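Asker: Okay, handing you the structure first.
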Amino acid sequence: MPTGCTPFWSATNGSISGSSNQPTLSVDWADTPNATASLSVTFSGCTSSSDNSKTGSWSALILSVGNQNFDSYNNTINIDYCTTKSVTVTVPHMYVQGTGGIAQPALTEVIYDWTIPTGWHSNVGSQTTINAITLYPNGCAVRGIVSVKGSINYQCGSAGESAAASITLNGTNPVVTLGVPQGYTGSKFCNTTPVTFTASLSPSSGCVSGYVWNVPPSWSLVSQTGNTASIRPSGTSADNTSGPISVTVQFSCGTSITSGAYTPPYTAPTILGPPSVCSSGASFSVSNAAGASVIWSSGNTSGLTVSSQANGTFTAISGFQGSVVITASLTCGANQTSINNTVYVGLPAANNNTLIYASGYRGANPVSLNASSTYRFICDQVSGATSFNWVLPKGFSFLSANGSISEFINTSATTGSYTLFCAANNACGSSWTHSLGITLVSSGGGGGIAAPVRLSAYPNPATSTITVQVTDSISTNTLSNTLDQPYQLLMMDRSSNKVFSVQSADKILNISTDGLPSDIYYLRVLYKDAVLQRQIIIKK
C-alpha cells in the first residue's frame, strides 16, 4: 500500500465486516451459486499526491451450491418387506456451478450428505464422495424416505447445502390385527370357556416365522395353531383389569410387529327381582353368573328373612316398612364374590305426616283456589312408593294421566269445599297420605293460597287473529305491559298435536290463525306454578 494512504474498500456480492478504511479487512461473501466475488480499493491522503486516487481490484468465483437443485432422478424404489437384500440409491452428479470451464476453477463435485431412514444402515457413513449409496435393512425392509444434499462444507465450512433429493423406499409394511370372535360379549363370573382369537396380517407376507400371543395374568393360553389361539378366562373381574390381549408376528427377516391391545369387557353379576317384598314373599335370581352356587342373606332379619335358598325367596316380617339390603354370595371353584341389592319391604311409608300441597306452597290446609282453573298438586316423597293414585273430588279432572307424585288437576266449576286424597302404592298395597282440603272461590282471596293468574282469549270463535291476555294480580309489574316472568303459550288441536308455541312475558299477545283449518283448539299457558287452559273455536 502506498505510504501514508488511507484505503477505502468496496465489495460486490459480499459485505465488509468492520471499517472499510483499514489496511486489512474481512469480507462475508454471499452464498450464491455461480456468482463473482469482487473487491476494490481506492487510496486517499497519501504522502505522495501522485498516489491519491490510485485503485486496485480483485475478483474470484464464489463456490456455492446453496439451494441448487439436482437434475431429474428416480424418486421411488419399490422394495419387498421380507427382503434382506441391499438397496442402492443413486442421484445425478452435482458440480459447483462456474467450475471446469476455460479460465475457470477446476471442475468441482460436491460431497453428498445422506439422511438414512430408520430401519436401514450403510457401511460408508452418511457422507460420500460419489453420488450413490448402498443401504442394508436392519431386519425386514421397512418403507422410508432417503434424503441427500450436495455440500461443499469440506472447502467452506459455512457454505449452504443444495436442495434435497428425496427417494421413497416404497414397500408396504404389513399390519397385524387381533380378531375377536363374532358375537363375543366378554367375560362373566364363573365363565371359563376358552375363546378363540385370530391374528390377521394385511397385506399377507411370506416370511412369517411365528405368532406370539401376549396373554394377561388372569387368562391362560390353552393352545395355538398357526394364526389362531385358544385362550381361557379366569371367570373373574380380573379378566378385564389384569391387562390387555395382543399378538406379535415374528418374521424370518429379523423383525416383528404387534397388534393393537384388546381388553375384553367384563359383565358383572347382578341380582334380578322385584323392587318390593311383601309378606307373601318374592323370589330373586342372579344374572351373568351361570354355573355359580349362590347363598342368599338379608341385611336386616327383623324386616326380611330368607325363606328358600334354592329359589332365592325372601319373606317380609309383618308390619315392617323400610329398605333392606339382600346379598348373593357367589362361589365358582376357588373364585368367590358377593353382590348386593336394596329392596323395599312392606307397604309404602306414607302416613298422616305426608302432605299434599298446591302451587308450590307446602303446609296450608285447607287452601283457597279458583274454580275452573288448573293447578299443580304435589305429594311429599314416600319411601317404597312406585306410583301414586289421586282420588279427585266431584267435578275435578286430570290434565294428564293419573299415577305420578305430581299432577296437574283441573278444579271444579262449582265453588265450595272439597277434599283431595292421594295414596302411595307399591306391589304390597297402598298407604294413604294426609288429605288436602280445598275451598274453591270464583276469584282470589280467602285464607290459604289464592290463584291470581287469569287467561282470556278473544274473539271466540276467531277467524284470522286471536288475542290472548294473561294477568297476574300479584305481579309487581302492575303498570307494565309485561309480567314478572315469561310464560309458555301452547295451542293444540283436538288430538293434542301442538300447532303453535311461543314464550313471552307480554300481558297481551296476538296470534295469527293463518294456515289453521276450522276446528276446535285448546290454548294452554304455563306460568309460575299455574297451568291455564281455554277452548278456542276457529271458523273461516
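Rule-based calculations on the coordinates, nothing more; no lab input. Everything numeric in this text was worked out from a predicted model, so none of it was measured. With ideal geometry, Cβ positions are generated from the backbone for all residues, glycine too; neighbour counts draw on all protein chains shown.
Asker: Count the net charge of all other residues whose Cβ sits under 15 Å from the Cβ of GLY160, scoring Lys and Arg as +1 and Asp and Glu as -1.
Answerer: My count for the surroundings of GLY160 gives -3.
Asker: Using C-alpha positions alone, give me the convex hull volume of the chain per residue in cubic angstrom.
Answerer: Expressed per residue, the convex hull around the Cα atoms of the chain is 419 Å³.
Asker: Suppose R0 equals 35 Å. What FRET efficiency, 1/(1 + (r/R0)^6) with r the Cβ-Cβ distance, do SER383 and ASP519 give to the nearest 0.05?
Answerer: The pair SER383/ASP519 has a calculated efficiency of 0.15.
Asker: Turning to a different aspect of this structure: Which whole-Hz couplings ³J(HN,Hα) result when phi for each residue of the stretch 39-44 is put into the Karplus expression 6.51 cos²θ - 1.76 cosθ + 1.60, θ = phi - 60°, listed in order with x for Gly and Pro?
Answerer: Couplings: 9, 10, 9, 10, 9, 8 Hz.
Asker: Provide the FRET efficiency to the nearest 0.05 for the SER252-VAL222 pair, computing r from the beta carbons and using R0 = 35 Å.
Answerer: That gives a FRET efficiency of 0.85.
Asker: Over 27 Å between Cα atoms, which of LYS394/LYS498; LYS394/LYS540; LYS507/LYS539 qualify?
Answerer: LYS394/LYS498; LYS394/LYS540
Asker: Turning to a different aspect of this structure: Between THR331 and ALA364, what is the spin-label point distance in nm, taking each point 7 Å from the Cα along the Cα→C-beta axis?
Answerer: 6.4 nm
Asker: Using a Förster radius of 41 Å, what is the FRET efficiency between LEU272 and VAL180 based on their Cβ-Cβ separation? Nearest 0.05, please.
Answerer: For LEU272 and VAL180, the calculated efficiency is 0.90.
Asker: What are the ³J(HN,Hα) values, in whole Hz, obtained from phi via the Karplus relation 6.51 cos²θ - 1.76 cosθ + 1.60 with θ = phi - 60°, for each residue of the stretch 219-232 in sequence order, with x given for Gly and Pro?
Answerer: Using θ = phi - 60°, the values come out as 10, 9, 7, 7, 6, 8, 9, x, 9, 10, 9, 9, 10, 9 Hz.
Asker: Something else now. Would you compute, from DSSP H runs of 4+ residues alone, the mean residue ellipticity of the chain at 222 nm, taking -39500 (n - 2.57) per run and dividing by the full residue count, rounded to the nearest 500?
Answerer: Rounded to the nearest 500, the figure is 0 deg cm²/dmol.
Asker: Which semi-axis lengths, in whole Å and largest first, follow from the square roots of five times the eigenvalues of the Cα gyration tensor of the stretch 269-345?
Answerer: Working from the Cα gyration tensor, I get semi-axes of 23, 11, 10 Å.
Asker: Over the Cα atoms of the stretch 169-258, what radius of gyration and what Dmax do you get, in Å?
Answerer: Computed over the Cα atoms of the stretch 169-258, radius of gyration and Dmax are 14.6, 52 Å.
Asker: Now for a separate question. Measuring from centroid to centroid over Cα atoms, what is the spacing of the stretch 242-295 and the stretch 210-225 in Å?
Answerer: Cα centres, the stretch 242-295 to the stretch 210-225: 18 Å.
Asker: Residues with amide H under 5 Å of GLY14's amide H, sequence separation 5 or more or different chain, H placed in the peptide plane at 1.01 Å from N; which?
Answerer: Here the answer is ALA30, since their amide H atoms fall under 5 Å of that of GLY14.
Asker: Using each residue's phi in the stretch 410-419, evaluate 6.51 cos²θ - 1.76 cosθ + 1.60 at θ = phi - 60° and report the 3J(HN,Hα) Karplus result to the nearest Hz, with x for Gly and Pro.
Answerer: 8, 7, 5, 7, 9, 5, x, 9, 9, 10
Asker: Straight-line reach from LYS188: which lysines fall under 28 Å, measuring Cα to Cα and dropping same-chain residues less than 8 apart?
Answerer: none
Asker: Pulled fully out, how much extra length does the chain show between ASN352 and ASN340, if you take 0.36 nm times their separation in residues and subtract their Cα-Cα distance?
Answerer: Once the chain is fully extended between ASN352 and ASN340, it gains 1.1 nm.
Asker: At 0.36 nm per residue, minus the direct Cα-Cα distance, what do TYR262 and LYS85 gain on full extension? Give it in nm, one decimal, please.
Answerer: Gain on stretching TYR262 to LYS85: 60.2 nm.
Asker: Report Rg (one decimal) and Dmax (nearest whole number) for the stretch 453-538, counting Cα atoms only, units Å.
Answerer: Cα-based Rg and Dmax for the stretch 453-538 come out at 12.7, 39 Å.
Asker: Can you list residues whose amide H is under 5 Å from ASP519's amide H, if they're 5+ apart or on another chain and H is modeled 1.01 Å from N?
Answerer: Sorted by chain and number, the residues that satisfy this are ILE538.
Asker: Grab the Cα-Cα distance for SER230 and ASN481, subtract it from 0.36 nm times how many residues apart they are, and report the gain in nm with one decimal.
Answerer: Contour length minus Cα-Cα distance gives 82.6 nm.
Asker: Moving on. Which of the lysines could a cross-linker bridge to LYS85, judged by Cα under 30 Å and excluding same-chain residues fewer than eight apart?
Answerer: Qualifying lysines at Cα under 30 Å: LYS149.
Asker: So for each of 463-472, 389-398 I average, over its residues, the number of other beta carbons within 10 Å; can you give me the resulting order with the highest mean first?
Answerer: Top to bottom by mean Cβ count within 10 Å: 463-472, 389-398.
Asker: Moving to a separate point now. Only loop residues by DSSP count here, and only those with at most 13 other Cβ atoms within 10 Å; note down the chymotrypsin sites (Phe, Trp or Tyr not before Pro) in the stretch 145-253 that meet that.
Answerer: Passing sites in the stretch 145-253 are TYR154, TYR184.
Asker: Now a separate question. Could you tally the net charge around LYS507, taking each other residue with its Cβ under 12 Å from the Cβ of LYS507, Lys/Arg +1 and Asp/Glu -1?
Answerer: Here the count lands on -2.
Asker: Mind listing the Cα extents of the stretch 295-414 along all three principal axes, in Å, largest one first?
Answerer: Each principal axis gives a Cα extent; for the stretch 295-414 these are 71, 25, 23 Å.
Asker: Can you quote the Å³ per residue value for the convex hull of the Cα atoms in the stretch 84-211, rounded to an integer?
Answerer: 176 Å³
Asker: Next question. Considering every pair of different Cα atoms, what Kirkwood radius, in Å, is found for the stretch 377-445?
Answerer: 12.9 Å
Asker: Enumerate the amide H contacts of ILE317 below 5 Å, restricted to partners 5 or more residues apart or on another chain; note that Pro and chain-start residues carry no placed amide H.
Answerer: Correct list: LEU304, THR305.
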